[in-house]
Every structure is written in C-alpha cells, then in structure tokens.
Amino acid sequence: MLARSAESLYWMARYLERAEHLSLLLEVQLNALVDRPIRELSFGWHRIFKHLQAQPPAEGEMDSSAFSDDESLADAYTLADGLTFESRNEYSLWSCFSRARENARQSRHRISEQMWSCLNLSYLQFRETKLTHIWQDEPQQFYIELVEAINTFFGMASVSMFRDEGWDFMQLGKTIEHLQLRANLLSIQAQDSPELPADGSRDFEWTSLLYAYRAVWAYQRIYGIDIETDTALDMLVTNSDLPNSLMYGITRADERLHGLGTAPDAKAGDSALRVSGRLKSLIEHEWPETDDRVRMLSLITTLADRLHERIASAWFNYHTENAARQV
C-alpha cells in the first residue's frame, strides 16, 4: 500500500475523531448555559482552549468576574463560533471536517462509495450552516447531529470497507487520536480541578467530563449517582470495558500495530510497539500504585504523542534504505 494513501486514511480518521471529541465538549458546554453559574462556564471554556492549546478570540473573554449573565451568553456565542465555524482556526470543527474530507478525497480509491457519499453530504451541509442559523433555538443540537453524522460515517465504513491495510490505518488513526485527546484532557482536568472550590462546582466539572466521555451511565451503573473525583478518574483511565477510557484506547492501538506486521522502517516500527507496550503497562500496573496522578497523566500524554511520532516515522516518513517492504 502506498505510504501517501495510508497516511491519508490515518489522518482522515484522526480529523473526524477530533471533530467528534470537540463536538461532545461543546455540546456539554452549551447545555451548561441553561443553569450553571458563570464561574463554572468559565472553567469549561478554559478547559477546552487549554486542551486544544489554543488562544480564545480576544484577551479577557473568559474572565468570569467581568460578566453578567447576558454578557456571558454573548461571550459563549463568540467562543462557540470560533471553535466551530472559523476557517482560520486550525482547531475548529470546520477545519477538522474540511481536512478529513480532503484526506478522504486523496484516498478516494481506498474507501467505499457509501463512505464518500456520507462524508461529502455532511461536509456540504456543514458548509451551508452558520452559528446564526442554530443559536436562537438549541445550538447544542447542531453538535449532537454532527456527532451522529461522524458515527454514521464510521458505521458505514464498518459495513462497506474492505478489510485490508487501508482499514487498518483508518482504525489506527482513529485510535491514536482518541488516545492523545483523552489523555491530554484528563491531564488538564487533574491539574486544574483542585483550583475549584469544594462545592457543587467541582462535582459539576467531573460530571460534565463524564458526559463528554459518554461515561455517566456506566459510572452510575457501577458506583451510584454520587460522583467521586478519584473514582471517576480511575474509571476513565483504567476501565478496559469503557470505550472512551485510556486503557481501552491503548489496547486497541497495540492490537492494530501488531496487526500491521513489519513496518517499512522496521526500527521505528519496533520502537512504536515498545512505546505502546510501555503505555499499556503504565496504565495497567503503575497507575493503581501512583501517588502523583498529575505526573502520571503527563507521562501518559507524552508517551501517546511519542507513539504517533513513531508510527509516522515507521509507515509514512520512512527512509527508503530502511524499508523492509514496499508500501
């Protein structure tokens, strides 16, 4: 398989996974506009922008002490618009969707007709939408529908895409993006949560995170309705039955890497396998014993980033002299 085709499929899946992740965060954030205090809304916006390593549109827009309720609503409009429709913002949903479609176009011969039609239709509908069209009603519904469109695309892929290396690289990209995003978000949450007062604010921020991870029902089923911070964090890191946990993500990534076999750059491929094995061991064996969860999450985030770099070196950016086989 050509390296450029493999890389296009890998990044197509990554951008769609990123769009789904941000859509879930924005859905939760906009739902909170209904009844949450400004302090909590400010924390939620800070969490999103820090997670994306991005700056808000204007300095001071997230200072909760400066806002009345009406001003906070206007501020939410500006922030949501920048994160959703701003084409100059590389982190926006529109940028993610556009790049996913372009990567799909470049690998058009590797995906099914149904996949292309599904993605292209969603792209065209997104292109015709502005925040002014959705804000007056229930803006969170737009993000719900966008998540459904992305899930439909991957569902269509599961029933129509040939199970060759193209499928493997698409699944690997989705899994690596999943792992990097969720490790980074948990790291930020663990760092910033102690700054919240020990009242309903801290409870809300962890409940909202569980909603963004689609894990509220699972948590309540296992532990009851009261959200305990340490218990929630443990579940989001180590529970292998939870699809959005770090353990679930690294297990799937490790399986995909082993399934690909020898990489064109065998040395980099072996390094990727070592990093994935180290990540799995870290979560499975060292996390339960650690006294410094913030440091451990920072290490997991660093290793997840390194895993992507090793994959890119092994399968996409390899040197010809190191190639074990032609792709």
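What follows is calculated from the coordinates using simple rules that are stated; it is not laboratory data. Just so we're clear, the structure is a prediction, and the values are computed from it rather than from any experiment. Quick reminder, even Gly has a Cβ in these numbers, built from the backbone with ideal geometry, and neighbours come from all protein chains shown.
Computed quantities for the displayed model
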| read-out | value |
| --- | --- |
| Acute angle (nearest 10 degrees) that the helix 113-127 long axis makes with the longest principal axis of the chain, alpha-carbon atoms | 30 |
| Dimensionless Rg over Rh [the range 184-323; C-alpha; Kirkwood] | 1.06 |
| Neighbour-count order for TYR248, TYR219, fewest beta carbons within 10 angstrom listed first | TYR248, TYR219 |
| Hits among lysines - C-alpha to C-alpha of LYS174 under 25 Å, sequence gap 8 or more where chains match | LYS50, LYS267, LYS280 |
| Loop-resident sites, the range 220-327, for trypsin sites (Lys or Arg not before Pro), counting at most 13 other Cβ within 10 Å (DSSP) | ARG325 |
| Distant-in-sequence amide H partners of ASP265 (H built 1.01 Å from N, under 5 Å) | ALA324 |
| Net lengthening on full extension, GLU138/THR231 (0.36 nm per residue, minus Cα-Cα) | 30.2 nm |
| For the range 74-231, projected area of the alpha-carbon convex hull averaged over all directions, nm² | 11.8 |
| Sequence of ASP75, ASP230 once ranked by neighbouring C-beta atoms within 10 Å, starting from the fewest | ASP230, ASP75 |
| The range 37-48 - phi-based ³J(HN,Hα) in whole Hz, Karplus 6.51/-1.76/1.60, Gly and Pro as x | x, 4, 4, 6, 4, 4, 4, x, 5, 4, 4, 5 |
| Spin-label model distance (nm) - PHE162 vs GLU145, 7 Å beyond Cα toward Cβ | 3.5 |
| Correct choice for P(r) over Cα pairs in 10 Å bins from 0, in percent that was computed from the model, options [x] 5, 25, 32, 25, 10, 2, 0; [y] 5, 22, 26, 23, 16, 7, 1; [z] 5, 24, 29, 20, 11, 7, 2, 0 | [x] |
| Karplus-derived HN-Hα couplings along the range 232-243 (A = 6.51, B = -1.76, C = 1.60, θ = phi - 60°), whole Hz, x at Gly and Pro | 4, 5, 4, 5, 5, 8, 10, 6, 6, 8, 9, x |
| Calculated over the range 199-263: convex hull of Cα atoms, volume per residue (Å³) | 85 |
| Residues PHE153, PHE49, PHE162, sorted so that the one with the fewest Cβ neighbours within 10 Å comes first | PHE162, PHE49, PHE153 |
| Charge-dipole axis of the chain as Lys and Arg at +1 and Asp and Glu at -1 on Cβ define it, positive-most pick from LEU124, GLN55, LEU260 | LEU260 |
